[in-house]
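Student: The structure's right below; bear with me while I get my questions together.
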């Protein structure tokens, strides 16, 4: 287990990035043969990306929203890297996408979603209080949220001046 960092911290991360939120929703629990393959497909993709620093994939956090929805918050170097991975027919994503469309398509058994945000350097701020390393703070480490990084507006200004 990762140690809790007592106190208030902010991420050292100071680069532009693409934030990719992707997930699935189980619409019909009894259709296990539809949703289980979708749920299992993300692990191999994350392992593949994590082994290849050139991919532009920076890291991910996984969250549950109730009993039906799994959400992954992913960080990418840029949108071009994310798109290149998604369209590469020799990587894990493409066959998983084809399989989803063939097995599920529009039958309503499983929902999938994604949102992409391209964020310039300094156009974000972070705060972690009594937390394990998380999100952007897990990527490049953290620094105490004191002095010029005490409140959200100050952290935003400090990030854009770094």
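Here, each number is a calculation from the coordinates, and none is a lab measurement. As the structure is a computational prediction, the values presented were derived from the model and not from experiment. Here the Cβ positions follow ideal geometry from the backbone for every residue, glycine too, while neighbour counts run over all protein chains shown.
Student: Mind sorting 83, 125 by how few other Cβ atoms lie within 10 Å of their own Cβ, fewest first? Display every interim value, and only then the final one.
Tutor: Values: 83 14, 125 20.
Starting with the residue having the fewest Cβ neighbours, the order is 83, 125.
Student: Show that you can apply the helix-only estimate: for the chain, add -39,500 (n - 2.57) for every DSSP H stretch of four or more residues, divide by all residues, and state [θ] at 222 nm to the nearest 500. The partial results should precede the final answer.
Tutor: Values: 5 runs with 55 residues, N = 162.
Result for the chain, helices only: -10500 deg cm²/dmol.
Student: If each residue's Cβ is checked for other Cβ atoms within 10 Å, how do 10, 62 rank with the fewest at the top?
Tutor: Details: 10 23, 62 13.
Taking fewest neighbouring Cβ atoms as first place, the list is 62, 10.
Student: Would you please report the Å³ per residue occupied by the convex hull of the alpha carbon atoms in segment 64-121? Intermediate results must be reported in sequence, preceding the final value.
Tutor: Working: hull volume 6.3 nm³, N = 58.
Dividing the Cα hull volume of segment 64-121 by its residue count gives 109 Å³.
Student: Would you list 32, 118, 142 from fewest to most Cβ contacts within 10 Å? The partial results should precede the final answer.
Tutor: Values: 32 12, 118 15, 142 22.
Ascending number of Cβ neighbours within 10 Å: 32, 118, 142.
Student: With contacts defined as alpha carbon pairs under 8 Å and 6 or more residues apart, what's the relative contact order of segment 13-100 in percent? Present the calculation step by step, with values, prior to reporting the outcome.
Tutor: On the way: 105 pairs, mean separation 31.4, N = 88.
Value for segment 13-100: 36 percent.
Student: What percent does the relative contact order of the chain come to when contacts are Cα pairs within less than 8 Å and at least six residues apart? Before the final figure, lay out the partial values.
Tutor: Details: 276 pairs, mean separation 67.8, N = 162.
This gives 42 percent for the chain.
Student: Evaluate 2.2 N^0.38 Å with N set to the residue count of the chain, then give the Cα radius of gyration divided by it.
Tutor: Against the empirical 2.2 N^0.38 Å value, I get 1.18 for the chain.
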